[in-house]
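The values are calculated or read from the model by the stated rules, or taken from the named source; none is laboratory data. Just so you know, these numbers come straight off a predicted model, no measurement behind them. When we count neighbours, we look across all protein chains shown, and the Cβ atoms used for this are built from the backbone with ideal geometry, even at glycine.
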Amino acid sequence: MEPRYRRVLLKLSGEALGDEAGSGLDPERLMGLARELAEVRALGVELALVVGGGNIFRGVSGAARGMDRARADYMGMLATLINALALEEALRRQGVEPRVLSALAVEAVGEPYHRERALEHLAKGRVVIFACGTGNPFFTTDTAATLRALEIGAEILFKATKVDGVYEDDPVKNPTARKYDYLSYEEVLARGLRVMDATAVSLAREHGLPVRVFNMLKSGNIKKAVLGERVGTLVGG
């Protein structure tokens, strides 16, 4: 099987690594994800990851409870680092060589982010895990994923969530909501669809970066997406 894409960035939600409530770290989900990522890497795909931290702490939620927004966002960045380290360990157990590159200086557990270093790791067949977002408050991990995808020259950004695509309405509250197979960047922005935040969508649109949104909890979906199969919803491209 020949992959459709040779270099991809996969954005993972923190909640997808957690238990049924989306909290903490679920060892079985973590190892299942690592096995699937190992299969993708075995296809010869250069793979980079950005993981959220919502299963541990979300900066926006902290700010809503009265915390200083910048401080809350830094706490959220550190939550992404915990998830990145957990993924690193799970991948090592699958025989994959990962590297954590952090936008915040935490040299005891990860390398400082540097674009050339990331490209070097990818060229050597390592899975690169980008932690701590952009390193700046007020920017989401969606924006960080889009930025890193552009910096490393990824052909596509995969956004893996707990939902099987983009819907016109919340499918949990509205079971009759229609799922989109394809959306333009303009449609996402005009309709206010919750694919990614507007900054991330605008950045992807400006540089023509396609985004595919799909359910990461369904076994095999990541591999299917890399092979070019029509899973979830494609934005742009």
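Side notes on the structure shown:
- Selected residue (only one of 47, 33, 37 is assigned to a strand (DSSP E or B), touching a residue at least 40 places away in the same chain (Cβ under 8 Å) and buried (at least 22 other Cβ atoms within 10 Å of the Cβ)): 47
- Members of region 50-71 that are touching a residue at least 60 places away in the same chain (Cβ under 8 Å) and surrounded by 19 or more Cβ atoms within 10 Å (Cβ to Cβ): 50, 51, 52, 53, 59
- As a summary of the residue check, residue 217 satisfies the conditions (1) assigned to a strand (DSSP E or B); (2) farther than 17 Å from residue 9 by Cα except for the one numbered (1).
Let's see how each residue does on (1) part of a strand (DSSP E or B); (2) in contact (Cβ under 8 Å) with a residue 24 or more places away in the chain; (3) of a type in the set (Phe, Trp, Tyr); (4) closer than 22 Å to residue 218 by Cα:
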{"residue": "88", "(1), (2), (3), (4)": "no, yes, no, yes"}
{"residue": "95", "(1), (2), (3), (4)": "no, yes, no, no"}
{"residue": "101", "(1), (2), (3), (4)": "yes, yes, no, no"}
{"residue": "119", "(1), (2), (3), (4)": "no, yes, no, no"}
{"residue": "130", "(1), (2), (3), (4)": "yes, yes, yes, no"}
{"residue": "135", "(1), (2), (3), (4)": "no, yes, no, no"}
{"residue": "138", "(1), (2), (3), (4)": "no, yes, yes, no"}
{"residue": "144", "(1), (2), (3), (4)": "no, yes, no, no"}
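- Unique match (being modelled with pLDDT of 95 or more, more than 30 Å from residue 28 (Cα to Cα) and in contact with a strand residue (DSSP E or B) (Cβ under 7 Å, 6 or more places away or on another chain)) among 203, 183, 193: 183
- Figure legend. Inter-residue proximity from region 157-180: first residues within 18 Å of residue 20 (Cα to Cα) and among the polar types (S, T, N, Q), second residues buried (at least 19 other Cβ atoms within 10 Å of the Cβ) and modelled with pLDDT under 85, beta-carbon distance below 7 Å, spacing 6+ or different chains. Indicated pairs: 161/16.
- Among (1) of a type outside the set (Lys, Arg); (2) exposed (fewer than 13 other Cβ atoms within 10 Å of the Cβ); (3) part of a strand (DSSP E or B), the one test that residue 107 misses: (3)
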